[in-house]
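Notes to accompany the following structure.
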Amino acid sequence: MATTTNLLLTDLMSGVSDASSIPLIDLKDLHGPTHSDIIKQIGLACQTDGFFEVKNHGVPEIMIKDMLNIAREFFQLPESERLKMYSDDPSKTNRLSTSFNVRTEKLSNWRDFLRLHCYPLQDYVQEWPNNPPLFREQVGEYCTNVRGLVLRLLEAISESLGLEKNCIVKALGKQGQHMALNYYPPCPQPELTYGLPGHTDANLITVLLQDEVPGLQVLRNGKWVAVNPIPNTFIVNIGDMMQVISNNRYKSVLHRAVVNCNSERISIPTFYCPSPDAVIGPAKELINYDHPAMYRNFTYAEYYEKFWNKGLATECCLDLTPKQGKKLLKMSTINREKEVDSQYAMQLANVSALPMVLKAATGLGVLDIIHRAGAGALFSPSQIASQLLTLHNLDATSVLDGMLRLLSAYSVLTCSTIQANGKVIRVYGLAPVSKYHLKDAVLEGGLPFSKAYGMNVVDYIGRDDRLGGVFKDSMKVFNLIFKKEILEIYTGFEGLRTLVDVGGGDGTILNRIIPKHPAIKGINYDLPLVVKKSPFYPVCFALLTYRGVLLHNCYKALLDNGKVIVVDMVIQEAPKTSLSAKSLSLFDVYRMNTNVSGNERIERELQSLAKAARFSEIRVACISFTFSVVKLLKNM
């Protein structure tokens, strides 16, 4: 007869659903004709639920039945026999215990459990109980079969993230597998206790076998959802390590076990883990400008110690691992709210670029050129430039590319990339909205600003003290807004003796760096109109010429262990429609409108420039407000 689980007192306030609603996925054709559909189902379940059930999983039905029976037989043994396995030492690989961590808990949970390490099987099986007599044989066969299922699931989850099939398994090091045989006896007052309180799993992935008695609950949208047993299925849930490797795309979800007053319950989770010395961090393929690394790298042993000491009466232990924090991240951004606000402010500051580019594209007939080629046509900037009339500008292709990137960021055009002669080339097509605009700059060359005002933007600002003051103040405020965050995140000033800030404004940034690193000699390098009215700071000042500082000259000037630190926007090869992509494209066109060498570069182009200048390596160290801190290292 089915057992009804009484609600806890806290559930009377928060509400709990007694209907199972986690996805049920059929793995029968995982390697068959519906492979891609199953991968999508798994990816969606990992992203939205963190839990799913699987059927047709390849573990024989008789093996599942034997496993549940042998677990029940063990807990029915005389107490004296069971206590041979008892220990409250969590470092023991095989032990019987109660609750979770009796050494640290103030309140115990209504659970006994037998913990077994089971991979590699030959290393542990001799430590397992030999009573019941078939225990080692049946549990060993079960562990081997479940491991096979786990490896198939990890390949599928890797695929769902767009990674190589073996990517996640490779991240685990030597791997680890252990299991718990959980026994929840009937409880006289189940509304006052838990089998296990709400928690997430510290490991990578958990595969749960449960008997016919309900007890598992999953937190969804602030309410606990009961996951009622389905015969011959496994419940799969994402662990904390998968959340980290997926860079927060897949969620490790709170779940708990409740008890009842009528029936005992058996559940058998298999935990698949990294090796203790495995270094866990977001997969590098999942880190980009729109999705910065959300976690620092750490060893699994380091994390598991925190998890164990913290106990289960808490939310995900990953909250203890700083996200987007100062010295702990290789590549990160600041608080997402501040990031969104700053990007929106940058869009407003450069808002004139979009209508200007729309007007120019319409006047040049760019949209008509693509439209005449028919539905689905794709053109590179050079192909479009070749069809423009009265074209006298050899740099038209580059200017057009910047304009088209901006239009694609706003979904006026589509953008994709192709490979040709070892280079990435962007090709553009019409988006639905494009049926509805720097013309002279594309056809004849030169700067749009200079054509409008008869002089470059620097001379224009320099002729008017009031405007020059506004420009200087705006640059100062802008620097303070985003570089303050960069200085908190970036740690590469340690050990430097000399620091030249090219385009350093009035020296405010150096004045923030030098007090923290007094051994550094600071040199501020900027335009005459900026430097001449700057306040005094204990740093040197120099003037920036229009020719700038070339990378190969920097290379020659640096000591062997020197580096160039570039703070600039790094554009995407194929722009997306995200807020950061819009900010990048708007600023790119603004720079192109006012600066003869104002185009931004993709990371691949920066790498080529650095390589040509003989730098040994280029690294993107961190990101803040869409700006990247890029290190060019003279020697490794």
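Looking only at region 24-288, where both bridge partners belong to it, what percent of the DSSP beta bridges are antiparallel (to the nearest 5)? Intermediate values should be presented prior to the final figure.
Numbers: 42 of 46 bridges.
For region 24-288, the DSSP antiparallel bridge percentage is about 90.
May I ask you to compute the full-extension gain from LEU151 to ALA301, defined as 0.36 nm times their residue separation minus their alpha-carbon distance, rounded to one decimal in nm?
Values: separation 150, 0.36 × 150 = 54.00 nm, distance 2.17 nm.
Result: 51.8 nm gained on full extension.
Going through region 128-224, which GluC sites (Glu not before Pro) have at most 15 other Cβ atoms within 10 Å and a DSSP loop state? Walk me through the intermediate numbers first.
Numbers: sites: GLU137, GLU141, GLU155, GLU159, GLU164, GLU191, GLU212; in loops: GLU164, GLU212.
Of the GluC sites (Glu not before Pro), the ones in loops of region 128-224 whose Cβ has at most 15 other Cβ atoms within 10 Å are GLU164, GLU212.
Kindly state, to the nearest 0.05, the FRET efficiency for THR144 paired with ARG619, given R0 = 51 Å and r defined as their beta-carbon distance. Result of the calculation: an efficiency of 0.75.
Starting from the Kirkwood Rh over alpha-carbon pairs, what translational D in µm² s⁻¹ does region 24-288 have by Stokes-Einstein at 20 °C and 1.002 mPa s?
Working: Rh = 19.1 Å.
Using the Kirkwood radius from Cα pairs, D works out to 112 µm²/s.
Applying the criteria of a DSSP loop state and at most 16 other Cβ atoms within 10 Å to the trypsin sites (Lys or Arg not before Pro) of region 150-222 yields LYS165, LYS174.
In plain terms, the bigger the Kirkwood radius, the slower the diffusion; for region 240-302, with that radius from Cα pairs, at 4 °C and 1.567 mPa s, Stokes-Einstein puts D at 91 µm²/s. For the pair ASN221 and SER398, a Förster radius of 51 Å applied to the C-beta separation gives a FRET efficiency near 0.55, rounded to the nearest 0.05.
If R0 is 22 Å, what FRET efficiency do you get for ALA373 and ILE418 from their C-beta distance, rounded to 0.05? Spell out each step's value before the answer.
Numbers: r = 16 Å, r/R0 = 0.73.
The calculated FRET efficiency here is 0.85.
Placing a pseudo-label 7 Å from each Cα along the Cα-to-Cβ vector at GLU488 and SER275 gives an inter-label distance of 3.8 nm. For the pair GLN122 and THR48 in one chain, pulling the backbone fully straight at 0.36 nm per residue adds 22.9 nm over the alpha carbon distance. All other residues whose Cβ lies under 14 angstrom from that of SER382 are scored, Lys and Arg at +1 and Asp and Glu at -1, for a net of 0. With 0.36 nm allotted per residue and the present C-alpha distance subtracted, the LYS170-SER411 stretch has 83.0 nm of extension available. Longer than 27 Å from Cα to Cα, which of LYS28/LYS576; LYS92/LYS165; LYS284/LYS611 are they? Say none if no pair is. Table pairs above 27 Å Cα-Cα are LYS28/LYS576; LYS92/LYS165.
Throughout, read-outs are computed from the coordinates displayed, never taken from laboratory work. All figures in this text were calculated on a predicted structure; none of them were measured in a lab. Reconstructed Cβ throughout: ideal geometry from the backbone, glycine too, with neighbour counts over all protein chains shown.
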